[in-house]
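These notes are about the structure you will find just below.
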Amino acid sequence: MRGANSYLGSIGTTIFTVMSALAVEHRSINLGQGFPDTEGPADVVRAAADALLDGRNQYPPMAGVPELRQAVAAHDRRFYGLDVDWQTGVTVTSGATEAITACLMAVLDPGDEVVLIEPLYDTYVPVVRMLGAIPRIVRLSPPHWDLPREALAAAFGPKTKVILFNTPMNPSGKVFTTEELGFIAELVRRHDTYAICDEVYEHLTFDGQRHVPLMTLPGMFERCMRIGSAGKTFSLTGWKVGYVTAPPTLSPLVAKAHQNLTFTTAPNLQRAVALGLAKDDSYYAGLASSLEARRDLLAAGLAEVGLSVLPTHGTYFITTDFSPLGFNGDDVAFCRYITEHAGVTGIPVSAFYEAPDAPRQFARFAFCKRPEVLAEAVARLKTHFRGQGVVRTQSTTEPLTAAG
Ligand code: PMP
Ligand code: GLN
């Protein structure tokens, strides 16, 4: 039989699916894939349920129901002072994942170059490649994940069409500073390129750090596509409702990409998310502070286990360096080992790197879980590692495949 798509044939199943399946198999506490273990706000869920019953279940408008597009524009004005026209500047997608692809489709031609910042979310490189474009990847290094300005500047060239990056950043928990964003803005302007800003964790920042969209910087509105996700903002990751704010020049192209990907997104969920986005400031503050408390709980516990915990100022995630435990194997082996032997699952951070020379001693843990679940995970790790001193486990031979 003739080969099917060679690129898709060459990549593995996403690490999030692989590790969640392993967690189920071993009944371990899943601090791998980033999803909360509680429901989102009851009034938003109720609104979605009610909206199913009021007879508006046929195809909604392609770019999104008016009430959600209006709510996104109002949200962007309220939080960031952006002046967005809901009719010419907002597209609703089926999750930020679709939004990322739609934004890339909106600007890329085959042969264009895309600047990416590693560690990176695992759909970025596959989609860039499948569109016939070329990734130019710049690497941030732990523990501080500072922007390597020279390397970033060197990645931009005459073929660069767009930079795609994520702040607050998964898995590092880095929140880009205004100075770093200013540096990126200068490169975007100088090279006459666009920026796709994956801001799904925009409301999940801690320690008084504030998320700043690149789009708010001088001259950036015309060049940016800003992506949000109801999954993160309302702790409803299964809903897959995303939204893109873009200038009137780009927004129709994002909508046309969406037209050819999914065309529309479930109308009841859109209408419920519109209600959610209008929630008062206390909702947003409560979301961040509740996650911050759980970050602190998990960070303290993992440190007591003996892991070296890297600082995280946003997202659902903590990155840890497990080398102090003396584990004899790489991050993939470590995450498999703790799933099987300690009953706790994490994600190997090398899955967020494209190059084979990725660091191999970091594991990511999600803290978007109930405090008692985090406490139980820490207790299990302590029980397992206590008294063991150096762990002499050999790395497993069976490889786990990960995309990206
Ligand atoms: N970007 C990043 C950085 C993410 O971590 C996620 C996590 N799901 C997404 C995009 C996708 O969001 P969604 O579930 O809305 O598709
Ligand atoms: N964004 C989630 C994470 O980083 C996973 C999303 C997915 O499973 N595709 O854990």
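The values are calculated or read from the model by the stated rules, or taken from the named source; none is laboratory data. Remember, predicted model here, so these are calculated numbers, not experimental data. Cβ sites come from the backbone with ideal geometry, for glycine too, and all protein chains shown count toward neighbours.
For the reader, a short list of remarks on this structure follows.
- Segment 96-116: number of residues that are within 15 Å of ligand 2 (Cβ to nearest atom) and of a type outside the set (Ser, Thr, Tyr): 4
- Looking only at residues of segment 134-170 that are modelled with pLDDT of 95 or more and among the small types (Gly, Ala, Ser), we find that the one that is surrounded by the most Cβ atoms within 10 Å (Cβ to Cβ) is Ala155.
- Answer from Thr93, Thr88 - the residue that is at pLDDT 95 or above, among the β-branched types (Val, Ile, Thr), within 16 Å of ligand 2 (Cβ to nearest atom) and within 17 Å of Ala257 (Cα to Cα): Thr93
- Candidate set from segment 5-47 (those that are of a type in the set (D, E, K, R) and within 21 Å of the chain's Cα centre (by Cα)); member that is surrounded by the fewest Cβ atoms within 10 Å (Cβ to Cβ): Glu39
- If only residues of segment 246-257 that are outside any helix (DSSP H, G or I) and touching a residue at least 60 places away in the same chain (Cβ under 8 Å) are counted, the one that is nearest to the chain's Cα centre (by Cα) is Ala246.
- Scanning segment 215-245 for residues being touching a residue at least 40 places away in the same chain (Cβ under 8 Å) and more than 12 Å from ligand 1 (Cβ to nearest atom) gives a total of 6.
- Any chance Ser282 is of a type in the set (S, T, N, Q), free of Cβ contacts under 8 Å to residues at least 12 places away in the same chain, outside any strand (DSSP E or B) and farther than 13 Å from Phe206 by Cβ: yes
- Qualifying residues in segment 258-279 (those that are of a type in the set (S, T, N, Q) and assigned to a helix (DSSP H, G or I)) - the one farthest from Val44 (Cα to Cα): Asn260
- Set Phe317, Phe263: member being touching a residue at least 24 places away in the same chain (Cβ under 8 Å), in contact with a Pro (Cβ under 9 Å, 6 or more places away or on another chain) and of a type outside the set (A, V, I, L, M): Phe317
- Only residues that are within 16 Å of ligand 2 (Cβ to nearest atom) and either at pLDDT below 95 or touching a Pro at 6+ places or on another chain (Cβ under 7 Å) (or both) were counted across segment 203-236, and they come to 3.
- Count of segment 117-141 residues, restricted to those that are within 16 Å of ligand 2 (Cβ to nearest atom) and either in a strand (DSSP E or B) or among the acidic types (Asp, Glu) (or both), is 3.
- Going through (1) away from ligand 2 (no atom under 16 Å from the Cβ); (2) touching a residue at least 40 places away in the same chain (Cβ under 8 Å); (3) basic (Lys, Arg) one by one, Arg190 falls short only on (2).
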